[in-house]
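Just below is one structure, and these are the notes that go with it.
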Amino acid sequence: MNVFKDLRTKVVAQLEAMVAAGEIPNGLDFSRVAAEPPRDPSHGDAATNAAMVLSKAAKMKPRDIADKLGARLETLDVVKSVEIAGPGFINLRLDHNFWFEQVSTILKAGRSYGDSDMGEGEKVNVEYVSANPTGPLTVGHARGAIVGDALASLLSKVGYDVCREYYINDAGNQVNVLANSAYLRYREALGEDIGEIPEGFYPGEYLKDVGKALVDRDGDKWLGKEESEWLSEVRKFAIDHLMLVIRDDLAALGVVMSLYSSERALVEAGGVDEVMTLLEENKLVYTGVLEPPKGKKPDEWEARPQTLFRSTDFGDDVDRPIKKSDGSWTYFAGDMAYHLDKYRRGFHNMINVWGADHGGYIKRMQSAVTAMTEGKGSLDVKVCQLVNLMRGGELVKMSKRSGNFITLRSVIDEVGKDVVRFIMLTRKNDASLDFDLEKVVEQSRDNPVFYVQYAHARSCSVLKHSLSEFPDLDLSIDALAKTDLSELNSDGELILIRKLCEWPRLLESAGEAHEPHRIAFYLYDLAAELHGLWTKGKDNARLRFIVSDDQELTQARMALVKATSMVIASGLEVFGIEPVEEMR
């Protein structure tokens with residue numbers, strides 16, 4: 001249960017009672033009324049802004065509304081006391097029994113605690129990774145893959161029907177370059193001395209595997225043939241081979257896609273032609289010449305008439321070309337077709353996770369979605385900034401085998417997928433991130449993945465050792481959920497319970513904002529509260545989790561420890577990480 005959402009419902013109910021009693025005017029908009037944890041815990045357990053946000057419309061002083069509302073809230077069973085602060089903020093302290101009941105709720109729900117129906121089953125398409133199929137995934141792709149995957153899991157947890165999609169960019173010049181690069185390695189695999197790799201080709205030695213595999217399948221069938229004879233077949237073979245490598249890398253990272261979509265298949269099925277027809281029918285294209293951009297000219301700019309989309313009508317800075325003067329489509333045209341296809345598949349809510357170099361592409365894509373869907377579709381783009389891979393504070397040198405990049409698989413093999421996944425989520429996606437291969441495996445508080453996992457392992461250890469002290473202790477969920485928690489009255493214990501109860505609210509707010517990194521921050525803070533309680537027990541025997549001469553108190557603390565482990569496990573599950581029961 002989201003206790004703050006439930007509390008807001010109670011606040012609104014009292015406001016409606018005030019309307020009925022003539023204490024405040026009828027017709028007020030309660031949508032901005034909130035109930036949430038105060039920024040300063042010393043102010044209470046919850047606060048509501050009701051008096052502040054209703055004051056102007058009610059033509060009343062905030063303090064007058066607060067006094068009347070506070071008196072009503074004080075009569076609620078769950079409310080222990082009410083304090084009016086400043087001009088009209090209402091701070092609430094809730095009854096301890098209310099918090100104890102939430103521990104029971106958590107225990108009964110297990111990892112599903114915090115699950116929500118906020119999304120009401122709405123279909124959402126989260127497209128991420130979508131790396132060109134020209135080589136194995138790099139550490140640079142890892143962040144987008146993890147952010148997208150965690151966001152998809154988060155949205156599923158709060159009630160959305162999520163499709164995880166990978167868009168294969170298998171049309172355009174880059175895959176023709178791939179085909180030529182693979183053909184060169186094919187010739188090499190047949191014994192030819194190919195010399196230096198030509199400028200503009202993909203130099204990575206991983207393409208040797210593609211060349212050898214093509215020889216294994218076709219022998220010397222394509223040797224000495226004209227490019228027109230082998231290009232299509234070699235291109236398809238290379239893409240298929242490298243997509244298997246990419247899928248394998250994603251699997252090693254714990255990422256499983258719902259769907260892989262092909263750009264080439266979409267174009268060949270007439271997807272771009274459909275976009276053109278739609279835009280022409282709505283008079284959203286014209287022939288014109290764009291002004292040259294300042295600085296470096298982009299590939300799509302030509303000092304000749306092009307077919308332009310009126311993207312400025314929908315919030316973009318300039319109109320965008322969709323067809324070049326030679327009649328070929330721009331990359332933007334293909335992307336428009338892809339997003340129209342997603343919309344027609346029922347995904348009115350679309351989220352794309354892109355790399356840092358695509359930031360300038362956002363406005364045009366959002367304008368296209370708005371235009372093609374007549375405002376019924378939405379596109380949110382999450383841009384992932386660069387990852388600086390380091391070792392002991394020094395940047396890691398590039399891998400020769402991979403062709404001037406560091407493979408994702410090499411990082412996973414060194415530190416493990418769970419470490420990679422967690423660390424990539426410890427910063428907001430649009431902030432740069434340092435990933436130090438030595439620091440991420442340190443066993444210290446400064447390493448968030450260790451600190452959180454250690455909290456879960458410590459919980460499991462405490463539960464196990466409690467049975468050594470009290471062999472007849474009943475640690476079943478049913479027994480723990482029925483345990484009398486009234487003895488849990490230390491400040492640290494109550495703070496931990498309140499922190500646990502923030503989890504459902506945190507999930508919904510993170511899901512609404514499309515920000516899975518908030519979970520990492522929450523888990524770290526939750527772990528800190530648990531570790532803090534453990535530390536207090538070193539100085540005060542009565543505050544230890546296991547009190548050797550008090551089985552009832554120990555049982556109550558085991559209920560709290562178990563509930564904490566469940567919430568940590570729930571958060572790690574969203575991240576695609578398996579909680580550990582012991583640290584090695």
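Nothing in this text is a laboratory measurement; each read-out follows from the coordinates by a stated rule. Here the structure is a predicted model, which means the values were calculated and not measured. Methodologically, a virtual Cβ is constructed for each residue, glycine included, from the backbone with ideal geometry; neighbour enumeration extends over all protein chains shown.
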Between helix 551-574 and the chain: long-axis angle, C-alpha atoms, 0 to 90°, nearest 10: 20 degrees
Whether the chain is rounded, prolate or oblate, judged on the alpha carbon gyration tensor where a/c under 1.5 counts as rounded: oblate
Distance between segment 193-242 and segment 468-526 - C-alpha centres, whole angstrom: 56 Å
Local electrostatic count, G114, Cβ distance below 10 Å [Lys/Arg +1, Asp/Glu -1]: 0
Sequence of S570, S262, S325 once ranked by neighbouring C-beta atoms within 10 Å, starting from the fewest: S325, S262, S570
Gyration tensor (alpha-carbon) shape descriptor, segment 1-97, a/c threshold 1.5: prolate
Residues Y524, Y183, Y206 arranged by fewest to most Cβ contacts within 10 Å: Y524, Y206, Y183
Beta bridge orientation in the chain: antiparallel %, DSSP, nearest 5: 50 percent
Projected-area mean, segment 444-574, by convex hull of Cα positions, square nanometres: 8.2 nm²
Anisotropy class of segment 309-452 from Cα gyration tensor, a/c 1.5 cut: prolate
Fewest-first ranking of C384, C163, using other Cβ atoms within 10 Å as the exposure measure: C163, C384
